[in-house]
Amino acid sequence: MISFSNINKQYGKQLIFVDASFQLNPGEKVGLVGPNGAGKTTLFRMIVGEELADEGNVSVPKKMSIGYFRQDVEEMKGRSVLDEAIAGSGRVGDLHHELEHLQQALEDPARADEMDKILEKFGEVQEEYEHLGGYALEAQAREVLAGLGFAEEQIDGDVGALSGGWKMRVALARVLLGKPDVLLMDEPTNHLDIESIIWLEGFLKSLDSALLMTSHDREFMNRIVSKIAEIDAGEITVYTGDYNYYERERAIRETNQQAAFARQQAMLAKEQRFIERFKTHAAKAAQVQSRIKALDKIEKIELPKKRQVVKFEFRVPPRSGDQVAVMEGLTKRYGSRTIYDGFSMTIRRGERWAVMGRNGAGKSTLLKMVAGALQPDSGNVRLGASLKMGYFAQQALDIMDPDLTVIEQLQKDFPLDSLGALRSLAGAFQFSGDDVEKRIRALSGGEKSRLAMARMLYDPPNFLVLDEPTNHLDLATKEMLVEALKDFEGTMIFVSHDRMFLRGLGSRVLELGGESGMDKEPHLYPGSYVEYVQKSGHEAPGIHS
């Protein structure tokens, strides 16, 4: 199918691939992993012909169809969401739009003299469209868009009115509808909620297409892939198994490599001692020369690269009162839509509430009202005594000074702390070496999220209000964050689409919209997220495992 043979690729002084080889076979589902900058995107771009190898051979069969979902979405406007989704679905999508144009031409009186020609063309296009299953395409498109969280009115609405995150979902739908021979997917879950992620899992598992994807969602990767291709230090290493298997196997290989390195170093030291001892002895000269030549030919074993994950330890936050937040009779409407109607709940010290619910159920709205960023139409939110709140939302990323570097921002926030302590803080959130000198305006979404989280948690609040805190975070940072928050002595209410985060931290569950959607009252579940899944049989409202 697709093969890379002895690929070399370099950007300036940076070596991306060194004699790397890899093969993607028909129907395989492969997870692509590696540190930032290792070359994952470069590999995708080579497959679609946007990049060329400096040396080596990339083989992609000419007739193979490839769908590529990437993080940068192009401009979308002038069509409905449905038409935009269909537009990119390969040949069928092209024929769908050609039929629309021919239909308009048939109804145009000014083209009456061309009718025979237009009818003939219409017949040809219609035949091919039908042969390729085109008439089922609109129904499929609606199904895919609904699975990705679009409401019926959004599907028929203007794509230009959507936010960037929703346009990413349209781009994802477009790639999925094409049902290509090969799917390349760069972080497909970044802009999805848990319901859409679970739907996407099922959809990808049912596809016959080969799949090569990156993802920072361990659970998602585990449920879909049967192979992991790791890019590191210019090489591509393949592991046959899911992500958990890859982690275990990689640890075993590292241990074996360390042992082999130690054995080789001991042997080299022994040989070197012999050479040093006898290099001036004429009787031993031949042996000495022979050993020097033998040492030159030995392929040196290198120590495995250590992935340094710095543990972040909380300072103990001040103790709050027993009642942290009391919501009484909250009502909130957007136009004719009622999101909350007389909702009440109490958050007590030490509780960790996971807020679950479909798109539009009011998860972010609730967190905004708790944080004071949004006022209810009626009712009130009373915060308890001795409370210090930390509110994290994607919008919070814009309040940092774009002209400062990472370390300058931290020094501005915490002027009394030592540079060493602030560098350790940055390191815990994966800013190491020269990364701390990056200007905030040049940071990626994930880097900004990490920095915002570091700023909030360094001088910890005793009440955390977190809206999708793991968006754009890589696995190492996400796992560090879950471990750190397990030791957090304060109170939390959060929205997250990451099941590792939900399982690790949710001690209570607030289910909005109930099992069947918006028509049910919010349900306060007194147990943990793990118990909620066991008891309800679903990982999110309305989604059954």
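Restricting attention to the range 142-160, the residues that are among the hydrophobic types (A, V, I, L, M, F, W, C), at pLDDT below 90 and more than 19 Å from Gln71 (Cα to Cα) total 1.
So for the range 155-176 (the condition being touching a Gly at 6+ places or on another chain (Cβ under 6 Å) and either touching a residue at least 60 places away in the same chain (Cβ under 8 Å) or not in a helix (DSSP H, G or I) (or both)), does at least one residue qualify?
Yes, the range 155-176 contains at least one residue that is touching a Gly at 6+ places or on another chain (Cβ under 6 Å) and either touching a residue at least 60 places away in the same chain (Cβ under 8 Å) or not in a helix (DSSP H, G or I) (or both).
Go through the range 94-135 and give me each residue that's touching a residue at least 24 places away in the same chain (Cβ under 8 Å), hydrophobic (A, V, I, L, M, F, W, C) and assigned to a helix (DSSP H, G or I). Passing the criteria: Leu95, Leu99, Val125. For the criterion of being surrounded by fewer than 23 Cβ atoms within 10 Å (Cβ to Cβ) and either touching a His at 6+ places or on another chain (Cβ under 6 Å) or more than 21 Å from Asp217 (Cα to Cα) (or both), Phe463 fails. Against the definition (surrounded by 17 or more Cβ atoms within 10 Å (Cβ to Cβ), under 30 Å from Glu153 (Cα atoms) and aliphatic (A, V, I, L, M)), how does Ala87 come out, yes or no? Yes, satisfied. Inspect the range 316-339 for any residue being surrounded by 13 or more Cβ atoms within 10 Å (Cβ to Cβ), touching a residue at least 40 places away in the same chain (Cβ under 8 Å) and on the phi > 0 side of the Ramachandran plot and give the result as yes or no. Yes, the range 316-339 contains at least one residue that is surrounded by 13 or more Cβ atoms within 10 Å (Cβ to Cβ), touching a residue at least 40 places away in the same chain (Cβ under 8 Å) and on the phi > 0 side of the Ramachandran plot. Of the candidates Ile155, Ile197, the single residue that is farther than 22 Å from Lys77 by Cβ, of a type in the set (Val, Ile, Thr), outside the structural domain of Met500 (by TED's automatic domain parsing) and touching a helix residue (DSSP H, G or I) at 6+ places or on another chain (Cβ under 7 Å) is Ile197.
If only residues of the range 206-238 that are without any contact (Cβ under 8 Å) to a residue 24 or more places away in the chain and farther than 21 Å from Arg45 by Cβ are counted, the one that is surrounded by the fewest Cβ atoms within 10 Å (Cβ to Cβ) is Ser206.
Apart from one condition, Ala285 fits all of (1) surrounded by 12 or more Cβ atoms within 10 Å (Cβ to Cβ); (2) within 30 Å of Leu32 (Cα to Cα); (3) free of Cβ contacts under 8 Å to residues at least 12 places away in the same chain; (4) among the small types (Gly, Ala, Ser); the exception is (2). Residue count for the range 190-205 satisfying the condition of being out of contact with any strand residue (DSSP E or B) (no Cβ under 6 Å at 6 or more places or on another chain) and modelled with pLDDT under 90: 4. Within the range 240-260, residues that are touching a residue at least 12 places away in the same chain (Cβ under 8 Å) reach partners that are part of a helix (DSSP H, G or I) with beta carbons closer than 6 Å, at six or more positions or on different chains, in the pairs Asp242/Asn222; Tyr243/Arg218; Tyr243/Met221; Tyr243/Asn222; Asn244/Asn222. Test Asp413 against the stated conditions and say whether it is of a type in the set (D, E, K, R), surrounded by fewer than 19 Cβ atoms within 10 Å (Cβ to Cβ), assigned by TED's automatic domain parsing to the domain that holds Ala476 and in contact (Cβ under 8 Å) with a residue 40 or more places away in the chain. Spelling it out, Asp413 is indeed of a type in the set (D, E, K, R), surrounded by fewer than 19 Cβ atoms within 10 Å (Cβ to Cβ), assigned by TED's automatic domain parsing to the domain that holds Ala476 and in contact (Cβ under 8 Å) with a residue 40 or more places away in the chain. Residues that are under 32 Å from the mean Cα position of the chain (by Cα) and of a type in the set (A, V, I, L, M) are absent from the range 286-301.
What are the residues in the range 4-46 that are among the aromatic types (Phe, Trp, Tyr) and surrounded by fewer than 17 Cβ atoms within 10 Å (Cβ to Cβ), if any?
Scanning the range 4-46 gives a single hit, Tyr11.
Suppose we keep only residues that are without any contact (Cβ under 8 Å) to a residue 40 or more places away in the chain and among the aliphatic types (A, V, I, L, M) within the range 136-154. Which one would you say is surrounded by the most Cβ atoms within 10 Å (Cβ to Cβ)? Across the range 136-154, the extreme among qualifying residues is Ala146. For the range 384-420, a residue qualifies if it is outside any loop (DSSP other than H, G, I, E, B) and under 15 Å from Gly446 (Cα atoms), and the qualifying residues are Phe392, Gln394, Gln395, Ala396, Leu397, Asp398, Val406.
The values are calculated or read from the model by the stated rules, or taken from the named source; none is laboratory data. Fair warning: this is a prediction, and the values are worked out from it, not measured in the lab. Here Cβ is always computed from backbone atoms with ideal geometry, including for glycine, and neighbour counts include all displayed protein chains.
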